[in-house]
Each structure stands twice: as structure tokens, then as C-alpha cells.
1. Using a Förster distance of 22 Å, how high is the FRET efficiency between Gln31 and Cys59, based on the Cβ-Cβ distance and rounded to 0.05?
2. Report ³J(HN,Hα) in whole Hz for each residue of segment 30-42, in order, from the Karplus equation J = 6.51 cos²θ - 1.76 cosθ + 1.60 where θ = phi - 60°; Gly and Pro get x.
3. As a quick test, which of the pairs Lys47/Lys149; Lys108/Lys146; Lys42/Lys149 have an alpha carbon distance above 32 angstrom in this structure?
4. Taking the Cα-to-Cβ direction at Ser67 and at Thr14 and moving 7 Å from each Cα, how far apart do the two end points lie in nm?
5. What are the residues whose amide H is under 5 Å from the amide H of Leu43, where those residues sit 5 or more places off or on another chain and H is modelled from the backbone?
6. Where does each of Lys164, Lys34 land when they are ordered by accessible area, with a 1.4 Å probe and the largest first?
7. Taking K and R as +1 and D and E as -1, what net charge do the other residues with C-beta under 13 Å from the C-beta of Pro165 add up to?
8. What is the Cα coordinate range of segment 131-175 on the first, second and third principal axes, sorted by size from largest, in whole angstrom?
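The values are calculated or read from the model by the stated rules, or taken from the named source; none is laboratory data. Quick caveat: nothing in here was measured; it's all calculated off a predicted structure. As a convention, Cβ positions derive from the backbone with ideal geometry for all residues, glycine included, and neighbour counts pool all protein chains shown. Accessible surface areas use protein heavy atoms only, side chains included; no ligands, DNA or RNA. Shrake-Rupley method; radii C 1.70, N 1.55, O 1.52, S 1.80 Å.
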Amino acid sequence: RFGESEASLSLDFTRDESERITTLTATIPSQGKKVITRNGAKLSSLKEMIGTFRAVLFCPAHLTLVSGGPALRRSFMDIALSQLYPAYLDSLSRYNRALLQRNALIKKAQGSGKSAFDTMIWDTYAEQMATYGADIFARRLEYMEKLSKSIEELFSEMTLGAEKPSLSYRSSALTDSDEETKEAGKAKLYE
């Protein structure tokens, strides 16, 4: 409704066959900040809400997952994985923060006309990106393996085994064999 002072949306649900009802509420005023609560308690950020109500929306517009670019597929996986594993969202946030800081360092060096910059700071960002990048790769690989098995089973039922689709996750930096240990993946990303 246009002209109202605020909009509010509330969702009641139970989880894991529990009888305990959880209520998520989002209140969006026409001016000021939105307020999100879980069972009446105010959440300090949207990040706290992720994973509370696990849902992945799939609609006709998502056909771009197949026909669109890899950024769309990564985004879809990131949303799903962030809901399943809060540690994934943390690794993704820290990776992106290190990437932004590293890129700002490069831009600053280019803007000052200097060809060199503080290698200690560069190494710190590179190590952070390698650490979190290896975590992200491992979770994405694991997720795609699970998703692929589920899709194979569904297609097998639908086509009586006549069709067998497959999904895979490929990284330009790492391969399945790099995930034997997170340290191996981290070392390769740090190279």
C-alpha cells in the first residue's frame, strides 16, 4: 500500500519436526532502517537470519542458471550454502573483504605512480584469500557432489534410467585432487 508509514512481513514456521514455532518478522518503515526480529528479539544484521528458515527459491527465471554466466551459478550456490553452513557465509564474507582490500592496495599503488607496494600487506591479503578460498572451494565441491547425486536419482526415476545427467564444479584455480586436504588447496591458491 502506497502512502503507509511502514510495511511488515511475518513468517511462522516449525523446524526439524519440532513443535516449537519460530517467528521471523521484518518491518520496513517509509523512513529509517528496517527491523528484523526472531521470536520478538531484534537481530543486529540480516546475517543472523540466514539459516533460520532454509529455503531456496527456484522459478522459471532461474533457467539462467543453465544458460547464463558462471557468476549466477556461484551466487545461487553461495545462497544455498550460506543457509546450510553459517561458517561458509563467514568464509565467503572474509574472502570478499580480503579481495576488496587487496584490490584497494593495487589501486592505491597505481594511483601514486609507484610500481611497488608493501609486500607484507600483500602477503597478508593473499594468505587470507587462500585460506578462505580453499574453504569455499571445498564446500562448493561437496555441495555439487550431493546435488549431482540427487539430480541423477530424480532423472533416473523420470526417464526410467534412459537419461543420466551430471553436474560438476570446476574452478579455474583448483581441481578435485587439490581438495585432498584444505592445506593443499590453500597452498595452491597461495602460489
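1. On the way: r = 32 Å, r/R0 = 1.44.
After rounding, the FRET efficiency stands at 0.10.
2. 5, 9, x, 8, 6, 10, 10, 10, 10, 6, x, 8, 5
3. On the way: Lys47/Lys149 29 Å; Lys108/Lys146 43 Å; Lys42/Lys149 39 Å.
Flagged as over cut-off: Lys108/Lys146; Lys42/Lys149.
4. Distance between label points: 4.2 nm.
5. Ile36, Thr37, Arg38
6. Details: Lys164 160, Lys34 120 Å².
Putting Lys164, Lys34 in descending order of accessible area: Lys164, Lys34.
7. Numbers: positive: Lys149, Lys164; negative: Glu152, Glu153, Glu157, Glu163.
Combined, the nearby Lys, Arg, Asp and Glu give -2.
8. 43, 15, 8
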